[in-house]
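Presented below is the structure to which this report refers.
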Amino acid sequence: MRALLPLLLLICIPAPALAQPRALGAFGSWATFRDAGRCYAITQPYQSSGGPNGQPFAAVGAWPGRGSQLHIRLSREKRPGSAILLRVDGRLFQLVGGGRDAWAPDGRADAEIQAAMRTGVDLAVETRAADGLLVRDQYRLRGAATAMDAAAIACARR
């Protein structure tokens, strides 16, 4: 939980009191929150290429009646036209996105990535930054399945 403190502060401090996320639990290196319209499991990278804007994350959001979706915030803005590759252990997936954000290209790929995350050990995201440097953010998946389940259950109750 201590490693998640900077992320918790980033999420909670700027928001108005009514919109502040409510913490639902910490699971390994992942945490689960609920806010006004969604629930989500989120983590920070244990290793990152870093950048001036910082605060990269991997999250799986759940919305009542709409299912869930993976969202990756990159540590640096990606170069236009560069592929975004996500690797869960030995499985490779291509993401779509722009700026500092990336998602699965469709629902089927999203479901495959989330299934791999449930049984995987490590997740890495790579692309080229706007300045040409390699962006590589690495995450631990310990606790991801439990955090994703907690988010889905919390939003199913709404």
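Numbers for the structure displayed
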| item | result |
| --- | --- |
| Counted residues, the range 125-150 - those being of a type in the set (Val, Ile, Thr) and over 27 Å from Phe27 (Cβ atoms) | 1 |
| Residue check for Ala111: more than 14 Å from Ile72 (Cβ to Cβ) and either surrounded by fewer than 19 Cβ atoms within 10 Å (Cβ to Cβ) or without any contact (Cβ under 8 Å) to a residue 40 or more places away in the chain (or both) | yes |
| Residue in the range 54-63 that is in contact (Cβ under 8 Å) with a residue 12 or more places away in the chain and over 28 Å from Ala156 (Cα atoms) present | yes |
| Residue list for the range 24-37, filter: closer than 15 Å to Ile153 by Cβ and in contact with a Lys or Arg (Cβ under 9 Å, 6 or more places away or on another chain) | Leu24, Phe27, Trp30, Phe33, Arg34 |
| Residues of the range 52-104 satisfying the condition of being out of contact with any Ser or Thr (no Cβ under 7 Å at 6 or more places or on another chain), aliphatic (A, V, I, L, M) and closer than 13 Å to Tyr40 by Cα | Ala59, Leu70, Ile72 |
| Condition met for Leu74 (closer than 12 Å to Ala150 by Cα and touching a residue at least 40 places away in the same chain (Cβ under 8 Å)) | no |
| For Leu24: the one exception among (1) over 16 Å from the mean Cα position of the chain (by Cα); (2) part of a loop (DSSP other than H, G, I, E, B); (3) at pLDDT 50 or above; (4) not small (Gly, Ala, Ser) | (2) |
| Residue list for the range 116-139, restricted to those being more than 22 Å from Gly97 (Cα to Cα) and buried (at least 18 other Cβ atoms within 10 Å of the Cβ) | Gly120 |
| Val96 vs. criteria in a strand (DSSP E or B), surrounded by fewer than 21 Cβ atoms within 10 Å (Cβ to Cβ), touching a strand residue (DSSP E or B) at 6+ places or on another chain (Cβ under 9 Å) and not acidic (Asp, Glu) | yes |
| Any hit, the range 76-90, residues being within 11 Å of the chain's Cα centre (by Cα) and not β-branched (Val, Ile, Thr) | no |
| Extreme residue, farthest from Gly50 (Cα to Cα), among residues of the range 99-145 that are among the β-branched types (Val, Ile, Thr) and in a helix (DSSP H, G or I) | Thr119 |
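The values are calculated or read from the model by the stated rules, or taken from the named source; none is laboratory data. Since the model is a prediction, treat every value here as computed from it, not as a measurement. So basically every Cβ, Gly included, is an ideal-geometry build from the backbone, and we count neighbours across all protein chains shown.
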